[in-house]
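**Student:** Take this structure first; my questions come after.
The values are calculated or read from the model by the stated rules, or taken from the named source; none is laboratory data. These numbers were taken from a predicted model, which means no experiment stands behind them. Neighbour counts run over all protein chains shown; Cβ positions are idealised from the backbone, glycine included.
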Amino acid sequence: MTTGTHNPLIAFIGGGNMASALIGGLVQQGVSPEQLTVIEPFDATRAALLERFGIRAAADAVAAAPTLAHADLVIWAVKPQVFREATEPVAPHVRSALHLSVAAGIATDSIARWLGTGRIVRAMPNMPALIGQGISGLFARAQVSTVDRAQIERVMGSTGELLWVQEEGQLDAVTALSGSGPAYVFFFLEAMVQAGQAMGLSTEQSQRLALATFRGAAELALRSDESPATLRQRVTSKGGTTHAAIASMQQAQVPEHFIAAMKAAEQRARELAAEFGA
């Protein structure tokens, strides 16, 4: 990932799972470990990053100050509740950099106020990013250039698909749909495995059947031009076994409850912004 003869320096604030996924993707793209630095206060996490990637790592912003001052891109991979605190020692060194936040719920207005710059992109990735199969919603403030967007796409593209949104508020819906979405899949998989066990299958058999069914159905939907509703109808013969299952779920208002649950996730994303973005 180069621009002319310049090799951009990328600094990560936080070295957890998402940072690790991004670092791994960048290294696979050919980015030199020398171009990457991480500020991570936990010794074990920092040691693991050093061992796995050979990148520079520091325990705090004071130790990393000389490097931070030359950072082209700063990636904020911290928990929402510590974001503001994390910016205080870093902000004086990185006001000329492009910033990417992967923290849930924290609005760019807050980030811009804390950092003293509006050159900020906010991303909402999801858990499959850890294996390069994720999808991330992205929002850019007006100060972000076309070149900046391209750099963000190169970085985030290593984790899977990308979707730009025009309004920042739409990221709350992205959070509810795809950010939290893997948990819904795992939740449904749990129920399918439990049902299989209740009907006499072993745990291993039930899990294998459930996982293969989810994987196959998702791949079929990706390859098909038909809507999920049409695909469902094609599997559902009137009076058959699938019809009995779907009718039972509809009678129990499963779709309505599922939509309500996702709206609860969207509302919580808004609350996070109010709670930690002041």
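**Student:** Checking the structure you have, find out if any residue of segment 131-146 is in a helix (DSSP H, G or I) and within 30 Å of VAL185 (Cβ to Cβ).
**Tutor:** Let us first name the residues in segment 131-146 that are in a helix (DSSP H, G or I), namely 131, 146.
Next cut, within 30 Å of VAL185 (Cβ to Cβ) only: 131.
Scanning segment 131-146, I find at least one residue that is in a helix (DSSP H, G or I) and within 30 Å of VAL185 (Cβ to Cβ), so the answer is yes.
**Student:** Which one is nearest to SER101 (Cα to Cα) among residues in segment 127-155 that are aliphatic (A, V, I, L, M) and at pLDDT below 95?
**Tutor:** First, pick out the residues of segment 127-155 that are aliphatic (A, V, I, L, M): 127, 129-131, 135, 138, 140, 142, 144, 147, 150, 152, 155.
Next, only the ones that are at pLDDT below 95 stay: 127, 129-131, 155.
Numbers: MET127: 16, ALA129: 15, LEU130: 17, ILE131: 20, VAL155: 12 Å.
If we take residues in segment 127-155 being aliphatic (A, V, I, L, M) and at pLDDT below 95, then VAL155 is nearest to SER101 (Cα to Cα).
**Student:** Of the numbered conditions (1) within 14 Å of ILE10 (Cβ to Cβ); (2) assigned to a helix (DSSP H, G or I), THR37 satisfies every one except a single condition; which is it?
**Tutor:** The number of the failed condition is (2).
**Student:** Consider segment 258-269. How many of its residues are surrounded by fewer than 16 Cβ atoms within 10 Å (Cβ to Cβ) and either more than 19 Å from ASP172 (Cα to Cα) or of a type in the set (Lys, Arg) (or both)?
**Tutor:** Qualifying residue count for the region: 1.
**Student:** Let me ask you something else. Quick check on VAL78: is it part of a loop (DSSP other than H, G, I, E, B), buried (at least 17 other Cβ atoms within 10 Å of the Cβ), under 22 Å from the mean Cα position of the chain (by Cα) and in contact (Cβ under 8 Å) with a residue 60 or more places away in the chain? First the steps, then the outcome.
**Tutor:** Working: part of a loop (DSSP other than H, G, I, E, B): yes; buried (at least 17 other Cβ atoms within 10 Å of the Cβ): yes; under 22 Å from the mean Cα position of the chain (by Cα): yes; in contact (Cβ under 8 Å) with a residue 60 or more places away in the chain: yes.
Yes, satisfied.
**Student:** Just to confirm my filter: which helices (runs of 4 or more DSSP H) fall fully inside segment 189-278 and include at least 2 residues that are closer than 30 Å to VAL82 by Cα, at pLDDT below 95 and of a type outside the set (Asp, Glu)?
**Tutor:** Details: elements: 203-223, 228-235, 241-251, 254-276.
The qualifying helices (runs of 4 or more DSSP H) are 254-276.
**Student:** Does segment 52-67 hold any residues that are in a helix (DSSP H, G or I) and at pLDDT 90 or above, and which are they? Spell out how you get there, then give the answer.
**Tutor:** Taking segment 52-67 and keeping what is in a helix (DSSP H, G or I), we get 52-53, 61-67.
ARG52, PHE53, listed by residue number.
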